[in-house]
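Below: one structure, written as structure tokens.
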Amino acid sequence: MSRLRTTLTPLECSQRALLWVHKETLTQEETIALNQEVLSNFRYYVNPGFLSYRKSVTSGGDFGAVEWRASGPNTLVDTQGKEYLDCLGGYGIFNVGHRNSTVLAAVESQLAKQPLHSQELLDPMRAMLAKTLAALTPGSLQYSFFSNSGTEAVEATLKLAKAYQAPRGRFTFIATNGAFHGKSLGALSATAKQAFRQPFMPLLPGFHHVPFGDIEAMKQQVALCEKRGDGIAAIVLEPIQGEGGVIVPPAHYLPAVRALCDEIGALLILDEVQTGMGRTGKVFACEHYGVQSDILCLAKALGAV
Ligand SMILES: Cc1ncc(COP(=O)(O)O)c(C=O)c1O
């Protein structure tokens, strides 16, 4: 697509964005202008494919649904005043709803006090969050490493497992068919969806996928790898597969995978980005199975992003 130069300067773009941030209500003309501009901005500066992909843009000739504000804990209002019940919950991030008053008050206070930490002095919030997670997570998990997304949590996890296992001569990862762990190159190597992986092949070497929920298949793959000298660094699993279709494994599966890891000296990595923070009835899904991982990946509802 040929490049469309905007007629606005960068400063004018920023001023318009600030106007939208500070504006409470819109007139009908403002609504039409804003909707047209949002569509055009997506078409020319984000990704034209996004518009046809997004279902919210398909309703007949009304410029699509452009969100304007969260109207309640579970509802959104678009620029035309239409209210939506938010059943998506940001794919699992809005555990405490939109505009939760306790969260808002805390964020506003901290923003007014110090919006970003200095990167050099010690920030009290990071250390307290780590301590909170140590108290919240099952078993003896203690240290936290913070990143910006579930994908980055998985990416960091793989690096951590590599750093730990490389001196032990273990470089191989086992993941499961149907798994979703994110789309950066490392995380994508553990993800098992063809549409996400194929355009970016070859991915990281040393990843094998086995059927989810099938401990015998897992044991066979582990035995094959170990026989070849491919020591297993880690087994990476969602305790309940999310993107793969909400697949709950048999009750014996997770404990059996834990026992297998202990037997061969592999790390058990549980990806609770989707299932963690109370989304399955316990704080972490692994608690349903009485299993503790060596590394636990959290995101989504933890930070509401
Ligand atoms: C199990 C799991 N891991 C990792 C991710 C990636 O998280 P994010 O979208 O925050 O990068 C997701 C996202 O859906 C997920 O469900």
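State the percentage of accessible surface on the chain attributable to carbon and sulfur atoms; use a 1.4 Å probe and exclude ligands, DNA and RNA.
The computed percentage sits at 58.
For Thr132 and Asn148, calculate 0.36 nm times their separation in residues minus their Cα-Cα distance, and state this gained length in nm to one decimal.
Length gained, Thr132 through Asn148: 4.0 nm.
Kindly express, to the nearest 10 degrees and within the range 0 to 90, the angle between helix 124-136's C-alpha long axis and the longest C-alpha principal axis of the chain.
50
Please give the net charge around Gly72, taking every other residue with its beta carbon less than 13 angstrom from that of Gly72, where Lys and Arg add +1 and Asp and Glu add -1.
Net of charged neighbours comes to 0.
Please state the relative contact order of the chain as a whole percent: Cα pairs under 8 Å, 6+ residues apart?
13
Order these peptides, 130-136, 92-98, by their mean beta-carbon neighbour count within 10 angstrom, highest first.
Most protected by this proxy first, the peptides run 92-98, 130-136.
Given the chain, what percent of its DSSP beta bridges are antiparallel, to the nearest 5?
Beta bridges within the chain, antiparallel portion: roughly 35 percent.
Over the chain, give the accessible area per residue in Å² for a 1.4 Å probe, as an integer.
60
Quick one: net charge around Glu287, please, counting Lys, Arg +1 and Asp, Glu -1 for every other residue with C-beta under 14 Å from its C-beta.
+2
In nm, to one decimal, how far is the Val77 label point from the His252 one, both placed 7 Å along Cα→Cβ?
Taking the two extended label points, one gets 5.6 nm.
Expressed in nm to one decimal, what extension gain is obtained for the pair Ala166 and Thr9 from 0.36 nm per residue of sequence separation less their Cα-Cα distance?
Full extension from Ala166 to Thr9 adds 51.4 nm.
Under the rule of at least 5 residues apart or a separate chain, name every residue whose amide H is placed under 5 Å from the amide H of Asn177.
It is Val210, Phe212, by chain and number.
What angle, in degrees between 0 and 90 and rounded to the nearest 10, separates the Cα long axis of helix 150-165 from the longest principal axis of the Cα atoms of the chain?
Rounded to the nearest ten degrees, it is 30.
Over the range 27-135, what is the relative contact order in percent, taking alpha-carbon pairs closer than 8 angstrom and at least six residues apart?
Computed over the range 27-135, the figure is 14 percent.
Enter the angle in degrees (range 0 to 90, nearest 10) between the Cα long axis of helix 215-228 and the first principal axis of the Cα atoms of the chain, meaning the one along which they spread out most.
Rounded to the nearest ten degrees, it is 70.
Return the lysines within reach of Lys162: Cα separation strictly under 29 angstrom, same-chain partners fewer than 8 residues apart disregarded; answer none if there are no such residues.
Answer for Lys162, where 29 Å is the Cα cut-off: Lys131, Lys183, Lys193, Lys219, Lys227, Lys300, listed by chain and number.
Which whole-angstrom value gives the distance between the alpha carbon centres of the range 82-102 and the range 206-285?
Value for the Cα centre distance between the two parts: 30 Å.
Need the list of lysines near Lys82 for cross-linking: C-alpha distance under 17 angstrom, and skip anything on the same chain fewer than eight residues off.
Lys55
Under the definition of Cα pairs under 8 Å and six or more residues apart, what whole-number percent is the relative contact order of the range 10-85?
Value for the range 10-85: 19 percent.
The values are calculated or read from the model by the stated rules, or taken from the named source; none is laboratory data. No experiment lies behind these values; they were computed from the predicted model shown. Cβ: placed from backbone, ideal geometry, glycine included. Neighbour counts: every protein chain shown. Quick note on the areas: whole protein, heavy atoms, side chains included, nothing else; ligands and nucleic acids left out. Shrake-Rupley method; radii C 1.70, N 1.55, O 1.52, S 1.80 Å.
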